[in-house]
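Throughout, read-outs are computed from the coordinates displayed, never taken from laboratory work. Just so it is clear, the structure is predicted and the values come from calculations on it, not from any experiment.
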Amino acid sequence: MHDDELLTVPDVMARLKLGRSTVYDLIRSRRLPSITIGRCRRIPVRAVREYITSEMEAAA
């Protein structure tokens, strides 16, 4: 996947193995940056990768 690709909330849920409310909590808390296009929420692949990296560093 390219870094400029946009994912839907269900895509992120599947990638991170998290529930819908948890993904929206991450978005709301700005731990997972997203954009809104019309009424659609989209999350850049880069943001998901950065989130995973930051969580891995925090766990180490």
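Extension gain, Glu55-Ser21: 0.36 nm per intervening residue step, less the Cα-Cα distance, totals 10.4 nm. Using a cutoff of 8 angstrom between alpha carbon atoms and counting only pairs six or more residues apart, the relative contact order for the chain works out to 39 percent.
Converting phi to 3J(HN,Hα) with the Karplus coefficients 6.51, -1.76 and 1.60 and the offset θ = phi - 60°, segment 5-16 yields 6, 9, 10, 7, 4, x, 4, 5, 4, 5, 5, 8 Hz in sequence order, with x at every glycine or proline.
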